[in-house]
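Colleague: Here it is, the structure, as structure tokens.
The values are calculated or read from the model by the stated rules, or taken from the named source; none is laboratory data. The structure presented is a predicted model; accordingly, all values stated were derived computationally and were not measured. FYI the Cβ positions are ideal-geometry reconstructions off the backbone, even for glycines, and counts take in every protein chain you see.
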């Protein structure tokens, strides 16, 4: 890598900022990338198929693509690494806001780290199966929106970014609630509503169940296909691929370098895209025993059943991540992996460098491969 990550271990638990400089010399007082060791390699940790590598074991790290960057999270910390635009790119953007300016690939990498304290560590009840998935997903959404805000501010000129005030927690909570409500309406209430229009023609609860599930899954697949066609999201999808490759490289125990990470598949069994497809399929089986009650009960069950479906789906994704080396698990997860072809793109080495900088910022503060069972209490991470 052309630079080194500045990350003071004495600042654990406090937000820190650093940048990967464009010079090859190490920053004083930093932990060089070579010292941030991945978990030790073990036999049968790699699978090669079609010229790409896939890690065959799990690690408690996850992430998310953001604007010109990647968020990574570990057990007790999370970090956002963003490629900042150069002065020339900012000037070009001001002169022609509608132009397709070249992506920010030459600016420095800004890294911000934050402490992460899971509410599940404090409340044993929330660590129960199903409940832990709901709590973990809610926490991931909050961190994800916060990471998007950080990456958006990083693309602004320095003076404008300093003027930006941090969005209150109430606003973030409202954003998460709105996103959840929108998803429930689009993928649960609309399918059952449309199927109810032809309920008399169907004549049985089994057909109702099948048609509703088909409509729900079709809406989801159409939504994902539409997102994949949005040109402005292409770079986000490339960073999504960089996130997956970097995590897989770490899980495989190889040194974190862009060249090493590039060899891995951009598909990951713990990806949120796969999780959403699992949600659509699990919903079919959860709603099947309900039958055909009155329309208002149908609507109520579709809303009240969402947490149950999310909890079950989370457990299935976790199981798949831990047992990815089993042949039957790979077969079952194959549709979800293929769906990731819509939400990931092949990254370049510069984008992989950003993803690695984000993960190294987390690894500079913790060692997921060396944590005790007590350290991992309440830790639930998706890729």
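So that you can scan it fast, the table gives a plain yes or no per residue for (1) in contact with a helix residue (DSSP H, G or I) (Cβ under 9 Å, 6 or more places away or on another chain); (2) buried (at least 22 other Cβ atoms within 10 Å of the Cβ); (3) at pLDDT below 85:
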position	(1), (2), (3)
51	no, no, yes
56	yes, no, yes
62	yes, yes, no
103	yes, no, yes
119	yes, no, yes
122	no, no, yes
130	yes, no, yes
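Colleague: Answer yes or no: is there a residue in the stretch 194-217 that is surrounded by fewer than 22 Cβ atoms within 10 Å (Cβ to Cβ) and under 24 Å from residue 141 (Cα atoms).
Modeller: Yes - at least one qualifying residue is present in the stretch 194-217.
Colleague: Six or more apart or on different chains, Cβ under 6 Å: which pairs go from a residue in the stretch 256-285 that's free of Cβ contacts under 8 Å to residues at least 12 places away in the same chain and on the phi < 0 side of the Ramachandran plot to one that's in a helix (DSSP H, G or I) and surrounded by 22 or more Cβ atoms within 10 Å (Cβ to Cβ)? Could you list them?
Modeller: Between residues of the stretch 256-285 that are free of Cβ contacts under 8 Å to residues at least 12 places away in the same chain and on the phi < 0 side of the Ramachandran plot and residues that are in a helix (DSSP H, G or I) and surrounded by 22 or more Cβ atoms within 10 Å (Cβ to Cβ), the close pairs are 260/249.
Colleague: Conditions: (1) touching a strand residue (DSSP E or B) at 6+ places or on another chain (Cβ under 8 Å); (2) assigned to a loop (DSSP other than H, G, I, E, B). Residue 237 meets all but one. Number of the miss?
Modeller: Result: residue 237 passes all but (2).
Colleague: Within the stretch 185-192, can one find any residue that is modelled with pLDDT under 90, over 19 Å from residue 80 (Cα atoms) and assigned to a helix (DSSP H, G or I)? Give the derivation first.
Modeller: From the stretch 185-192, those modelled with pLDDT under 90 are none; that's our starting set.
Looking for residues that are modelled with pLDDT under 90, over 19 Å from residue 80 (Cα atoms) and assigned to a helix (DSSP H, G or I), one finds none in the stretch 185-192, hence no.
Colleague: Can residue 233 be described as modelled with pLDDT of 90 or more, surrounded by fewer than 22 Cβ atoms within 10 Å (Cβ to Cβ) and under 18 Å from the mean Cα position of the chain (by Cα)? It would help to see each step written out before you state the result.
Modeller: Values: modelled with pLDDT of 90 or more: yes; surrounded by fewer than 22 Cβ atoms within 10 Å (Cβ to Cβ): yes; under 18 Å from the mean Cα position of the chain (by Cα): yes.
Taking the combined requirement at face value, the residue satisfies it.
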